[in-house]
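To keep things clear, I will list the structure first and then write my remarks on it.
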Amino acid sequence: MVLRTILDGKDMMEFLRNLIIMLPVIVISLSFHEAAHGYMAYKMGDPTAKNMGRLTLNPLKHLDPIGFAAMLLVGFGWAKPVQFNPNNFKDFKRGTILTAIAGPLANLLLAVCAFVLYTVVVCILAASSSLALLTTSGALETLMKILIYLYLGNITLMIFNLIPVPPLDGSKVLLSVLPSKHYRFVLNYERYGMYILIVLLYLNILDGPIDAALGFFIDLFEKSFLGVASLLGL
């Protein structure tokens, strides 16, 4: 995955520097993702997440120590999943779908914000003929790396979570749109989803589709930026 690729092929000092930069990226990304699930469930009529104190960006409420360490070291990890009871939703199907996609959409929003901030800084430096600061200023270089990692990491997190395999968010969307007879069939095998996911990751079966989706979104972001820059005469 992207997080793993970022850390590949680096010497130990570079690895440690990138690891330190990744800390706030992972904390912010996972906290936004889980808080978005909880907030949407609450808006749909289920107070479970609110009662458990999950409607917050406080990372201590969301991070799983083992999942956090795994994401840092191997690029695949997890947070504490937000609990919700779809029976409390005003509309079962709509509530389940919106709650499931709220997390990935939060990651998309973070990616957009990081990309916009990054391009604004680059444009300001280019306009003032100060692009050299990107490599000569340690603080500025670190900030730009954080923004790049936020941008790429959150796109990857969004794409990964939309894969329709339990316990990922995409599986909940899939279950919600299936006819009742298929819903029950898939639900019976949901508990095996994590094992299926691990096998898919181990065999690198998901790498191709994820890389293709990632390339699509990066191309979309860059073309959007070039379009806006052209309109502004930059």
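The values are calculated or read from the model by the stated rules, or taken from the named source; none is laboratory data. All values derive from a computational prediction rather than experimental measurement. Quick reminder, even Gly has a Cβ in these numbers, built from the backbone with ideal geometry, and neighbours come from all protein chains shown.
Annotations
- So residue 151, is it closer than 30 Å to residue 44 by Cα, aromatic (Phe, Trp, Tyr) and in a helix (DSSP H, G or I): yes
Residues checked against (1) modelled with pLDDT of 90 or more; (2) closer than 28 Å to residue 26 by Cβ:
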| residue | (1), (2) |
| --- | --- |
| 97 | yes, yes |
| 100 | yes, yes |
| 110 | yes, yes |
| 114 | yes, yes |
| 121 | no, yes |
| 127 | no, no |
| 134 | no, yes |
| 142 | no, yes |
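- Checking each residue in segment 32-61 for being farther than 19 Å from residue 87 by Cβ, outside any helix (DSSP H, G or I) and of a type outside the set (Gly, Ala, Ser) picks out 55, 56, 57, 58.
- Any chance residue 169 is modelled with pLDDT of 90 or more, more than 16 Å from the chain's Cα centre (by Cα) and not polar (S, T, N, Q): no
- Residue satisfying all of: in segment 68-124; exposed (fewer than 15 other Cβ atoms within 10 Å of the Cβ) and of a type in the set (S, T, N, Q); nearest to residue 21 (Cα to Cα) among these: 83
- Residues that are among the aromatic types (Phe, Trp, Tyr) and closer than 24 Å to residue 111 by Cβ within segment 189-228 comprise 216, 217, 221, 225, listed in sequence order.
- Of the residues making up segment 62-80, those that are in contact (Cβ under 8 Å) with a residue 24 or more places away in the chain and either in a helix (DSSP H, G or I) or over 17 Å from the mean Cα position of the chain (by Cα) (or both) are 68, 71, 72, 74.
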